[in-house]
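Below is one structure, written out as structure tokens; comments come after it.
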Amino acid sequence: MSLKLDGKKLSLEIEEKLKKDIESNINLTKRPPGLAVIRIGEDPASGVYVKNKERACSRVGIKSFIYHLKDTVEQKEVEQLINKLNTADDIDGMLLQLPIPMKFDEQRLISKINPDKDVDGLNEQNIGKLVKNEPAMRSCTPAGIVNLLRSQNIKIEGKKIVVIGRSLLVGKPLSLMLLNLNGTVTMTHSKTINLNKICQEADILIAAAGKPNLIDSSFVKEGAVIVDVGIHRLTSSDKSKTRLCGDVLLEDVITKVFAYTPVPGGVGPMTVTMLLVNTIFSWQKKFVLSSTLENLLP
Ligand code: NAD
């Protein structure tokens, strides 16, 4: 039977540790870690993600500050808010909930975030540190995936790893993290020729293409580890039901693989947990506490 890489279970275990890390230092710091979330507009999925983040913060003892702005707001006003939060004493982490409406210059806003508070790890300075393999905040989804693999002692060093997708959010930072851990990484994308054949070589195959059920068993080597980053809500033909699926057709690959991540309950919960890790990492740094979290930031 193949091994389920249970992100939900691992995220709860890490959260228990985070809670203790906060409790044992709050007498010294006199305030909890603070996370600011900026949401612009009414994208319904963003609403759900922000709520989940708020709930996760309260589970471990992080204070969250939600700034929900109307999409009529100007770029300059968002920049002013970011500047204010950059220097706010009670805020250790800040993120811009993506996607934001097209009229905004997303990269410019991300660049404005103080790198020490950039809990999504998307600011150029933190990406630069990842390229140089120096400690810093790491992008949440890729870091969550690495922790999920490590939690089951899945070896990365020397393994052939194929990453499908080259986005700044997932594919690129993940490839760099795995490379830093001495994996032999191939990054693929929508213009890759012979994707199927390349994937068949992989000891670890990571699907982050954002295409429902793209990967069936013909892409997968016997005994491989498969990580499914994709998350899609599919509606039945009569529109009466919806269900979640990933980029991987799990029922087709499950008997062939050594280990797999489920959707939901795999990569998703780890992403939120890594946001908490980054926020507490920043709080520990601010109060010059010895960090207990570096091993979670690949
Ligand atoms: P994106 O659209 O920014 O990037 C997709 C990447 O996949 C691109 O680099 C593209 O070149 C590549 N691609 C697209 N079609 C392909 C194909 N047929 N073959 C090979 N490569 C292909 O998406 P993203 O932000 O990287 O997210 C990818 C998926 O992961 C989405 O489904 C997203 O919802 C999901 N996601 C999940 C989490 C989580 O926490 N579970 C977090 C982030 C993203």
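Do you know which residues across the stretch 198-220 are more than 11 Å from the ligand (Cβ to nearest atom), part of a loop (DSSP other than H, G, I, E, B) and surrounded by 19 or more Cβ atoms within 10 Å (Cβ to Cβ)?
Going through the stretch 198-220, the residues more than 11 Å from the ligand (Cβ to nearest atom) turn out to be 200-205, 213, 216-218, 220.
Among the residues that remain, those that are also part of a loop (DSSP other than H, G, I, E, B) are: 201-203, 213, 216, 220.
Result: 202, 203, 220.
Restricting attention to the stretch 164-171, does a residue exist that is open to solvent by less than 70 Å² (accessible area, probe 1.4 Å) and either farther than 18 Å from residue 143 by Cα or more than 10 Å from the ligand (Cβ to nearest atom) (or both)?
Residues of the stretch 164-171 that are open to solvent by less than 70 Å² (accessible area, probe 1.4 Å), as a first pass: 164-165, 167, 170-171.
Subsequent filtering for residues that are either farther than 18 Å from residue 143 by Cα or more than 10 Å from the ligand (Cβ to nearest atom) (or both) retains none.
No; the residues of the stretch 164-171 include none that is open to solvent by less than 70 Å² (accessible area, probe 1.4 Å) and either farther than 18 Å from residue 143 by Cα or more than 10 Å from the ligand (Cβ to nearest atom) (or both).
Got a number for residues in the stretch 125-169 being closer than 15 Å to residue 293 by Cα and in a strand (DSSP E or B)?
0
Please find, among 174, 195, 234, 179, the residue that is open to solvent by 10 Å² or more (accessible area, probe 1.4 Å) and near the ligand (Cβ under 10 Å from one of its atoms).
Numbers: 174 fails: open to solvent by 10 Å² or more (accessible area, probe 1.4 Å); 234 fails: near the ligand (Cβ under 10 Å from one of its atoms); 179 fails: near the ligand (Cβ under 10 Å from one of its atoms).
Step by step, each of 174, 195, 234, 179 is checked, and only 195 is open to solvent by 10 Å² or more (accessible area, probe 1.4 Å) and near the ligand (Cβ under 10 Å from one of its atoms).
Before we move on, is residue 12 surrounded by 20 or more Cβ atoms within 10 Å (Cβ to Cβ) and closer than 22 Å to residue 296 by Cα? Walk me through it before giving the result.
Values: surrounded by 20 or more Cβ atoms within 10 Å (Cβ to Cβ): no; closer than 22 Å to residue 296 by Cα: yes.
Considered against the rule, which asks whether it is surrounded by 20 or more Cβ atoms within 10 Å (Cβ to Cβ) and closer than 22 Å to residue 296 by Cα, residue 12 comes out as no.
Among (1) open to solvent by less than 70 Å² (accessible area, probe 1.4 Å); (2) closer than 12 Å to residue 276 by Cα, which single condition is residue 50 missing?
Of the numbered conditions (1) open to solvent by less than 70 Å² (accessible area, probe 1.4 Å); (2) closer than 12 Å to residue 276 by Cα, the odd one out for residue 50 is (2).
Looking at (1) surrounded by 15 or more Cβ atoms within 10 Å (Cβ to Cβ); (2) under 15 Å from the mean Cα position of the chain (by Cα), which is the one condition that is false for residue 99?
(1)
Name the single residue, out of those in the stretch 245-262 being under 24 Å from residue 45 (Cβ atoms) and in contact with a helix residue (DSSP H, G or I) (Cβ under 9 Å, 6 or more places away or on another chain), that is nearest to the ligand (Cβ to nearest atom). Give the steps one after another, and end with the answer.
Within the stretch 245-262, the first condition is being under 24 Å from residue 45 (Cβ atoms), and the residues that meet it are 245-250, 261-262.
Checking the rest, the ones that are also in contact with a helix residue (DSSP H, G or I) (Cβ under 9 Å, 6 or more places away or on another chain) come to 246, 248-249, 261-262.
Numbers: 246: 8, 248: 11, 249: 14, 261: 9, 262: 11 Å.
Checking each candidate, the answer is 246.
Residue check: is residue 186 within 16 Å of the ligand (Cβ to nearest atom), modelled with pLDDT of 95 or more, surrounded by fewer than 18 Cβ atoms within 10 Å (Cβ to Cβ) and assigned to a loop (DSSP other than H, G, I, E, B)? Write out each step before concluding.
Working: within 16 Å of the ligand (Cβ to nearest atom): yes; modelled with pLDDT of 95 or more: yes; surrounded by fewer than 18 Cβ atoms within 10 Å (Cβ to Cβ): yes; assigned to a loop (DSSP other than H, G, I, E, B): no.
Criteria not met by residue 186.
The values are calculated or read from the model by the stated rules, or taken from the named source; none is laboratory data. Since we're looking at a predicted model, the values are computed, not measured. No Cβ is skipped: glycine too gets one built from the backbone with ideal geometry, and neighbour counts run over all protein chains shown. Each accessible area value is taken on the protein alone, full model and side chains, heavy atoms only, with ligands, DNA and RNA left out. Shrake-Rupley method; radii C 1.70, N 1.55, O 1.52, S 1.80 Å.
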